[in-house]
1. Could you run through the range A:33-65 and say how many residues are away from DNA strand C (no atom under 11 Å from the Cβ), assigned to a helix (DSSP H, G or I) and either farther than 18 Å from residue A:124 by Cα or at pLDDT 95 or above (or both)?
2. Is there a residue in the range B:24-39 that is touching a residue at least 12 places away in the same chain (Cβ under 8 Å), over 15 Å from residue B:152 (Cα atoms), assigned by TED's automatic domain parsing to the domain that holds residue B:188 and touching a helix residue (DSSP H, G or I) at 6+ places or on another chain (Cβ under 9 Å)?
3. Let me spell it out: the conditions are (1) in contact (Cβ under 8 Å) with a residue 60 or more places away in the chain; (2) under 23 Å from residue A:182 (Cβ atoms); (3) more than 8 Å from chain A (Cβ to nearest Cβ), and residue B:233 meets all of them except one. Which number is the exception?
4. From B:69, B:133, B:143, which residue is farther than 23 Å from residue B:228 by Cα, under 13 Å from the mean Cα position of the chain (by Cα) and either in contact (Cβ under 8 Å) with a residue 60 or more places away in the chain or assigned by TED's automatic domain parsing to the domain that holds residue B:229 (or both)?
5. Say we look at the range B:216-229 and pick out the residues that are at the interface with chain A (Cβ under 7 Å from one of its Cβ atoms) and assigned to a helix (DSSP H, G or I); which of these is surrounded by the fewest Cβ atoms within 10 Å (Cβ to Cβ)?
6. Take the residues in the range B:163-189 that are within 11 Å of chain A (Cβ to nearest Cβ) and farther than 17 Å from residue B:109 by Cβ, then tell me which one is modelled with the highest pLDDT.
7. Could you run through the range A:155-174 and say how many residues are free of Cβ contacts under 8 Å to residues at least 40 places away in the same chain and surrounded by fewer than 18 Cβ atoms within 10 Å (Cβ to Cβ)?
8. Check off (1) away from chain A (no Cβ under 14 Å); (2) at pLDDT below 85 for residue B:156 and give me the number that stays unchecked.
DNA sequence: CTGACTACTTGAACGCGTTCAAGCAGGAGC
DNA sequence: GCTCCTGCTTGAACGCGTTCAAGTAGTCAG
């Protein structure tokens with residue numbers, strides 16, 4: 001869920017490569033709409049394919065004509081939320097100029113957007129976590145969405161008044177995206193009411209990151225920063 | 001997958017609370033042994049409960065008398081690897097006295113132990129990643145193994161000659177375990193031959209952690225350290 | 001030795017996600 | 001109008017993990 005939330009992604013790829021006709025597209029939307037509603041109403045595991053089909057007034061097999069599996073239905077949800085995060089973030093970025101509130105706003109916006117779907121985000125997460133899954137935030141298939149997400153964090157950094165080491169500036173967007181992945185991971189596991197703990201994690205981490213970023217220009221920390229950047233470079237390499 | 005690998009854990013809790021008799025224990029072991037063998041031979045998803053039962057010469061229902069679910073069978077696999085990691089780590093801890101080599105050795109030992117199961121682990125990871133799964137390293141069922149794993153990292157810290165802030169010393173074992181979880185996550189996704197990138201991640205991170213831990217006693221960093229510790233405390237709280 | 005208790009064992013049955021051979025329908029070409 | 005072609009639709013059937021009412025057998029009290 002929301003691993004790669006943020007990007008404006010193409011709205012759910014169709015399964016058949018054949019030219020789509022109007023009737024098919026209508027049925028497809030009907031099934032997707034019905035499924036997402038039921039997921040929201042009674043949860044993912046409790047919603048059976050049979051019920052989705054019945055509620056949509058089609059046969060079970062019909063759902064499988066348009067979607068490879070029950071999990072693929074979630075892709076539709078996934079794609080919708082990405083646009084929503086982008087939009088919510090845009091508002092923050094237009095009104096804030098300092099790094100900390102910009103970052104904080106964008107992270108909270110991400111949680112806001114995904115909060116209504118927390119319970120079945122966990123299920124999507126199960127699929128996304130599999131290294132071979134196209135839903136994985138690290139997969140090649142997610143690469144455009146991931147790039148867009150990193151670009152969002154580049155906006156966060158570049159649009160801010162923060163002064164920081166130029167080397168760090170280059171890496172920071174990707175590091176912040178990684179931190180965002182960490183927040184999402186925490187959020188998925190967070191069972192506290194209203195996801196209070198995730199909110200606290202954000203509110204606590206952001207000033208800390210902000211402080212460390214400022215400190216990065218301190219002489220005593222230069223070697224450590226160099227070391228960290230070298231580590232990133234060496235791990236990224238795959239030779 | 002090795003999420004909680006590391007500890008010497010009690011070898012798979014029995015389901016029935018009643019006093020266990022010899023016959024039951026034997027059947028239990030037989031089922032577990034058969035299941036793990038089949039998982040290794042043909043993979044987790046491809047091994048059905050029916051086949052496990054048949055191969056073990058018992059009824060399907062009998063497997064469910066001893067194990068709550070198919071997933072619970074994997075716990076047996078975990079528990080074994082934990083013992084192996086513990087043992088491998090023990091050797092390092094006995095011969096090294098400085099923090100960095102101790103940590104580095106223990107992390108590498110963890111990868112060594114799990115390397116033969118890398119492909120298997122990737123499949124299992126999908127299951128373990130689900131927050132509601134008993135296999136999740138954060139689940140209640142994994143709690144004894146998790147505690148033991150944290151204890152291992154407490155050994156790493158306490159047995160070393162490193163001087164560090166007492167507050168940090170208290171938190172460091174759990175933080176190192178969390179870092180280990182991160183390494184495992186990276187490892188699962190690591191497709192490089194011989195898992196070179198994971199090795200590099202360890203070799204690069206350890207000196208960095210070591211340096212940061214030393215720097216933590218510096219005056220300029222005290223406020224940041226305090227802030228970080230407060231963050232941990234506030235996030236852990238669930239009120 | 002007998003009965004009852006209980007740890008252990010059974011396999012048919014359930015509901016699930018998924019598949020597939022079979023049919024339906026509406027537009028293009030004649 | 002007829003005939004294909006093909007996008008679309010069907011629902012019985014499959015194999016899976018899991019459950020459970022019904023049994024079996026070892027043990028202990030009397």
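The values are calculated or read from the model by the stated rules, or taken from the named source; none is laboratory data. Quick caveat: nothing in here was measured; it's all calculated off a predicted structure. A quick note on method: Cβ atoms are made from the backbone with ideal geometry, for glycine too, and the neighbour counts reach across all protein chains shown.
1. Total satisfying the criteria: 3.
2. No; the residues of the range B:24-39 include none that is touching a residue at least 12 places away in the same chain (Cβ under 8 Å), over 15 Å from residue B:152 (Cα atoms), assigned by TED's automatic domain parsing to the domain that holds residue B:188 and touching a helix residue (DSSP H, G or I) at 6+ places or on another chain (Cβ under 9 Å).
3. Just one mismatch for residue B:233, condition (1).
4. B:143
5. B:227
6. Selected residue: B:178.
7. So the count comes out to 5.
8. (2)
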